[in-house]
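Following: one structure in structure tokens, then a few remarks.
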Amino acid sequence: MTVQEYRDYIAAGNPVVAGSDAHLFMHQMAQEAIRITMEINNKYHTPEELRKLFSELWDIDVPESFGMFPPFNTDCGKNTHIGERVFINSGCKFQDQGGIFIGNDCLIGHNATLCTINHNPDPEHRGDMTFKPIRIEDKVWIGANVTILQGVTIGEGAIVAAGAVVTKDVESRTVVGGIPAKIIKNV
């Protein structure tokens, strides 16, 4: 399986059964992600060096306008896609197997966690997984310590307040906060 075949398989809504070829491929990607994130997180890199490492990690051409402060963690790395002028602050964790799509002019605060996987609730098949992408539209600000769950879209210009747990789509140009996140006001 190639990275693109994996992305297509997941985008089609297919589950991954524990022990299957797709599952074994996920483990291969995880090992590569560990290697690259250890390099990112354990010594100083210039912004140019970070862009090169993230291009390798995400298997995309990372824009020159990308910025980030390590550390950063992911258990896949091959299904994150970003626009221009994205900044990711330190301590973020991306579980991107299901796809994370970040638009232009987005800010992602310290320790944000983006989770695109869910496990089968049946204890006999708990190792089986389902995936849904997270979509962050243009000009979004994700506050510190936010958790965004699978299948969520954060609308253009929205703000997610620090500490929120986002379980449902966020309307454009709104501020949401709390657990679970609810609309606080319009921008």
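The values are calculated or read from the model by the stated rules, or taken from the named source; none is laboratory data. A quick note: this is a predicted structure, and the numbers were derived from the prediction, not measured. We place every Cβ from the backbone using ideal geometry, glycine too, and count neighbours over all the protein chains shown. SASA here: full protein model, heavy atoms, side chains in, ligands and nucleic acids out. Shrake-Rupley method; radii C 1.70, N 1.55, O 1.52, S 1.80 Å.
Note on residue 32 and residue 162: the model spin-label points, each 7 Å out from Cα along the C-beta direction, lie 3.7 nm apart. Structural size metrics of the chain, computed from C-alpha coordinates, are Rg and Dmax of 16.1, 47 Å. Here the calculated FRET efficiency for residue 43 and residue 87, from their Cβ-Cβ distance with R0 = 25 Å, stands at 0.75, rounded to the nearest 0.05.
Among the protein heavy atoms of the chain, carbon and sulfur supply 54% of the accessible surface, probe 1.4 Å, non-protein parts ignored. Expressed as a whole number of Å, what is the distance separating the alpha-carbon centroids of the stretch 140-187 and the stretch 44-58? Distance between centres, Cα-based: 28 Å. The slack in the chain from residue 23 to residue 179, taken as 0.36 nm per residue of separation less the alpha-carbon distance, amounts to 53.0 nm. Once you keep just the Cα pairs under 8 angstrom separated by 6 or more residues, what percentage relative contact order results for the chain? The normalised contact order for the chain reaches 14 percent.
Springs between alpha-carbon atoms under 10 Å, Gaussian network over the chain: tell me which of 43, 78, 132 tops the mean-square fluctuations. Result for the chain, Cα springs under 10 Å: 43 fluctuates most. Applying a threshold of 21 Å to the alpha-carbon distances of 132/185; 132/168; 52/139; 43/93 flags 132/185; 52/139 as lying beyond it.
Helix screen, the chain: DSSP H segments with Cα axial length of 15 Å or more and mean Kyte-Doolittle hydropathy at least -0.5 are 21-41. So for the chain, taking the charge dipole from beta-carbon charges (+1 Lys/Arg, -1 Asp/Glu), which of 107, 130, 80 sits furthest toward the positive end? After comparing all options, I get 107. Over the chain, accessible surface divided per residue gives 50 Å², non-protein components excluded, 1.4 Å probe.
In the stretch 1-142, taking the dipole from charged Cβ atoms about the Cα centre, the farthest positive-side position among 141, 38, 63 is held by 141.
For GluC sites (Glu not before Pro), the sites in the stretch 1-93 that DSSP calls loop and that have at most 13 other Cβ atoms within 10 Å are 64, 84.
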